[in-house]
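Trainee: Pasting in a structure now, in structure tokens, and then I'll have a few things to ask.
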Amino acid sequence: MPSITSSAPAKIILFGEHAVVYGRPAIAVPVTQVKAKVSVTANIKGNDVVLQAPAIGLDCPLSEVDPRQPMRVAILAVAASLGVAHIPACTVRITSSIPVASGLGSGAAVSVALIRAFSHFLGRALPDEKVNELAFEVEKIHHGAPSGIDNTVIVYNKPIYFVAGKPILRLKAGRAFTIVIGDTGEASPTIEAVAAVRQGWQKDKDHFEALFDSAGALADAARTAIEAGGVELLGPLMDANHGVLAKMGVSSAALDRLVLAARRAGALGAKLSGGGRGGNMIALASPKNAENIAAALMDTGAAGTIVTTIES
Ligand code: PMV
């Protein structure tokens, strides 16, 4: 019996994480070097929908999975959206090379690949808009109050300029640029980072609103620079955004160490990316210097690096 498979990329946020939850703009790009992959295979002999996710030791009928488990929620959301009352017996297998809880959108990538594969299996592949809508619902379990940027950039698999609730704007780079991603190896669930920022905001709204404004202004300046091919302008904007995120309290000693190491190795700018408090940082590199920066990050204790290019 042939399987239906679907895969979805990781993502990084170039500018504007956290502030995007409060209505400011942000810029995100897909990272296709790592992927979540889902296969759905019909079980002629069985009765159950079996969910297999070896990375988290899951291999059991869907009915025995925690009702709040995001993958279960995604499967049932697809069936409900297609009006399928009885799901045919099948095995749903989920694998991923995206590091989890590290700001690379692993949860959203799993949701998107799962929603696509499962809707196809049920006979009606959902359009991107609907995939995005369902993935956003699942993101609420991962993030609490997500902006929707992760699911959106992963569904469309293109650089985006994103403002929550506004039409999605695809960003076209005037000139290609190279980013080195460095993993602190410290897992940091986004839901906790988002909650910490909310606590700070509740205590001192004026201060946090000003930080969100600064991050939003940096995202706007970066959009102009990216579209105009002004790559060298992006470095200082990334440095400034890292400073703003540190003031929000979402950097960490390990993130700061890697950001500094990247700059010392010649990066044009560097910042944490995603929820922060661990997870990944990113550095803007010239194509010639990217491997050198990646090596410097590893020497400084990074758990892994990825070099990715945003094409023009
Ligand atoms: O999934 P992460 O860790 O890349 O975080 C997404 C970005 C946040 O702005 C922190 C949250 C959100 O929903 O936009």
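The values are calculated or read from the model by the stated rules, or taken from the named source; none is laboratory data. Because the structure is a prediction, the values reported are computed rather than measured. Backbone-built Cβ (ideal geometry, glycine too); neighbour counts: all protein chains shown. SASA here: full protein model, heavy atoms, side chains in, ligands and nucleic acids out. Shrake-Rupley method; radii C 1.70, N 1.55, O 1.52, S 1.80 Å.
Trainee: Just round it to a whole percent: the fraction of Cα-Cα distances in the range 188-253 exceeding 15 Å.
Mentor: Details: 1227 of 2145 pairs.
So the portion of pairs separated by more than 15 Å is 57 percent.
Trainee: L58's amide H: which non-local residues (gap 5+, or another chain) put their own amide H closer than 5 Å, with H modeled 1.01 Å from N in plane and none for Pro or chain starts?
Mentor: A53
Trainee: If you place +1 on the Cβ of every Lys and Arg and -1 on the Cβ of every Asp and Glu, how big does the dipole about the Cα centre of the range 48-155 come out, in debye to the nearest 20?
Mentor: So the dipole magnitude of the range 48-155 works out to roughly 100 debye.
Trainee: In whole angstrom, how far apart do the alpha carbon centroids of the range 92-139 and the range 245-312 sit?
Mentor: Their Cα centres are 27 Å away from one another.
Trainee: Compute the long axis of helix 70-82 from its Cα atoms, compare it with the longest principal axis of the Cα atoms of the chain, and write down the angle in degrees, 0 to 90, nearest 10.
Mentor: 60
Trainee: Hey, any idea what % of the range 126-240's accessible area is carbon plus sulfur with a 1.4 Å probe? Before the final figure, lay out the partial values.
Mentor: Details: 2780 of 5190 Å².
Answer for the range 126-240 is 54 percent, counting heavy atoms of protein chains only.
Trainee: Same structure again: By average Cβ neighbour count within 10 Å, what is the ranking of 73-86, 219-232 from highest down? All intermediate terms of the calculation are to be shown ahead of the outcome.
Mentor: Values: 73-86: 16.3, 219-232: 18.1.
Put in order of decreasing packing, that is 219-232, 73-86.
Trainee: Two decimals is fine: what is log10 I(q)/I(0) at q = 0.14, 0.27, 0.32 Å⁻¹ for the range 41-86, from a Debye sum with one equal scatterer on every Cα and no solvent?
Mentor: Rounded to two decimals, the profile gives -0.36, -1.15, -1.26.
Trainee: If you don't mind, another one. Just the C-alpha atoms of the range 140-265: what Rg/Rh do they give, with Rh taken as the Kirkwood radius?
Mentor: On the way: Rg = 15.5 Å, Rh = 16.3 Å.
Value, to two decimals: 0.95.
Trainee: For the range 31-83, give the percent of accessible area contributed by carbon and sulfur heavy atoms, probe 1.4 Å, rounded to a whole number. The partial results should precede the final answer.
Mentor: On the way: 1480 of 2790 Å².
Within the range 31-83, the accessible surface is 53 percent carbon and sulfur.
Trainee: While we're on this one: Provide the packing ranking of 269-277, 134-142, i.e. peptides ordered by the mean count of other C-beta atoms within 10 Å per residue, highest first.
Mentor: Working: 269-277: 27.6, 134-142: 21.1.
Ranked by mean Cβ neighbours within 10 Å, highest first: 269-277, 134-142.
Trainee: Compute a Gaussian network model of the chain, connecting alpha carbons closer than 10 Å, and tell me which residue from A267, A42, A173 fluctuates the most.
Mentor: Result: A42 has the largest fluctuation of those listed.
Trainee: Right, another one. Over the chain, average the accessible area per residue using a 1.4 Å probe and give it in Å², no decimals.
Mentor: Values: 13040 Å² over 312 residues.
On a per-residue basis, the chain sits at 42 Å².
Trainee: For the chain, divide the Cα radius of gyration by the Kirkwood radius and give the resulting Rg/Rh value with two decimals. Provide the component values of the computation, followed by the final result.
Mentor: Numbers: Rg = 19.6 Å, Rh = 19.8 Å.
Taking Rh as the inverse mean 1/r over Cα pairs, Rg/Rh reads 0.99.
Trainee: Here's another thing I want to ask about it. Could the peptides 122-133, 59-70 be put in order, highest first, of the mean number of other beta-carbon atoms found within 10 Å of their residues?
Mentor: On the way: 122-133: 16.2, 59-70: 12.9.
The packing order, highest mean first, is 122-133, 59-70.
Trainee: For the chain, what does the helix formula give at 222 nm: sum of -39500 (n - 2.57) over DSSP H segments with n ≥ 4, over the residue count, nearest 500 deg cm²/dmol? Show your work: numbers first, answer last.
Mentor: Working: 9 runs with 131 residues, N = 312.
It lands at -13500 deg cm²/dmol.
Trainee: Under a 10 Å cutoff between Cα atoms, tell me which one of A28, A215, A254 has the largest fluctuation in the Gaussian network model of the chain.
Mentor: Result: A254 has the largest fluctuation of those listed.
Trainee: Going by a ≥ b ≥ c, the root eigenvalues of the Cα gyration tensor, does the range 57-158 fall in the rounded group (a/c under 1.5), the prolate group (a/b larger than b/c) or the oblate group?
Mentor: Working: a/c = 1.65, a/b = 1.24, b/c = 1.32.
Oblate shape, in that a/c is at least 1.5 and b/c is the bigger or equal ratio.
Trainee: Hey, got the dipole for the range 176-235? About the Cα centre, +1 on K and R Cβ, -1 on D and E Cβ, debye to the nearest 20?
Mentor: On the way: 4 positive and 10 negative charges, 25 e Å.
With Lys and Arg at +1 and Asp and Glu at -1, about 120 debye.
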